[in-house]
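In what follows, a structure is listed as structure tokens, so that the remarks can point back to it.
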Amino acid sequence: MSEASFNREYSQTVGEITSPNPRIVCRNVNVYYGDKHAIQDVSLDIGRNEVIALIGPSGCGKSTFIRCLNRMNDTIPGCRVTGKILLDGQDIYDGSLDVVPLRAQVGMVFQKPNPFPKSIFENVAYGPRIHGLVSSKAELEEVVETSLRRAGLWDEVKDYLHQPGTSLSGGQQQRLCIARAIAVNPEVILMDEPCSALDPIATAKIEQLIDELRSHYTIAIVTHSMQQAARVSQRTAYFHLGRLIEVGETAQIFTNPRHQLTEDYITGRFG
């Protein structure tokens, strides 16, 4: 099937794109890398205190889409985004918006753990300090401890806070990056394949952490693992060739998908 034929046939997303209590509202989002149309007319709500999983074959646009939600694509030369993305009703692509506080509100955890070349303490303290969120050393220490506790890391590192963050294991480094993200009081946490470089035990800890964090944050996770999507998310969105093909409750997507492309992907016919 040609790309033009695909676009005509699959221009409508199957399922309910809206959320009764949205934190992020995306409407008719398009992303272009030069002449390449990477994301095509995607509309999707992401609800408060939910985990939504973005799945689909490599190159389908799921990582590109998630990077729109805190304007990380701004850093890519030649990238252009159109459409509306509202965070709590505010257009994040408004020309007057400062992206620095936006990226504190909408934190990002990447595929490969990327702790700063600083101590464990300073990795977590960095954000609150530069954003002026604390006014005393005691307050900063409290934020660092609270963030590390929420990331399930405090008991493992409390006696080694001045050791380099890079001295931790891969799974611990990823939880340190999560602690760093939540230390600045975000509303949303974006995770781009956060477990792909981790072993099964570290992956299980991150998945448990995601479930615990949901009571405080909205979480969007890109994952290649359909088992992971089924374990951690309440809603799942399936992307294919830059389009949002289907979205729905996770249990429904994996047991009774409504679109043939979704079924083909989750049953392993391609991807």
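List of remarks:
- Using the Cβ-Cβ distance between Asn30 and Ser196 with R0 set to 30 Å, the FRET efficiency works out to roughly 0.65.
- Region 97-103 - phi-based ³J(HN,Hα) in whole Hz, Karplus 6.51/-1.76/1.60, Gly and Pro as x: 6, 7, 6, 5, x, 4, 6
- Virtual spin-label span in nm between Gln260 and Ser135, 7 Å along Cα→Cβ: 6.4 nm
- Positive-end residue of Ser196, Ala179, Asn21, charge dipole of the chain with Cβ unit charges: Ser196
- Charging the Cβ of each Asp and Glu at -1 and of each Lys and Arg at +1, and nothing else, the dipole of region 3-266 about its Cα centre rounds to 300 debye.
- For region 35-109 versus region 148-178, the gap between their alpha-carbon centres in whole angstrom: 28 Å
- Filter on Lys62/Lys118; Lys158/Lys205; Lys112/Lys137 - keep pairs with C-alpha separation over 22 Å: Lys62/Lys118; Lys112/Lys137
- Pairwise inverse Cα distances across region 3-266, averaged and inverted, put the Kirkwood hydrodynamic radius at 19.0 Å.
- 222 nm mean residue ellipticity, helices alone, for the chain (DSSP H n ≥ 4; -39,500 (n - 2.57); rounded to 500): -10000 deg cm²/dmol
- Length released on extending from Ala204 to His224, taking residue separation times 0.36 nm less the Cα-Cα span: 5.7 nm
- Cβ-Cβ distance of Tyr126 and Asp98, R₀ of 22 Å, FRET efficiency by 1/(1 + (r/R0)^6): the value works out to about 0.75.
Coordinate-derived values only; no laboratory data. Nothing here was measured: the structure is a model prediction, and the numbers come from that model. Here the Cβ is made from the backbone with ideal geometry for all residues, glycine too, and neighbour counts use every protein chain on show.
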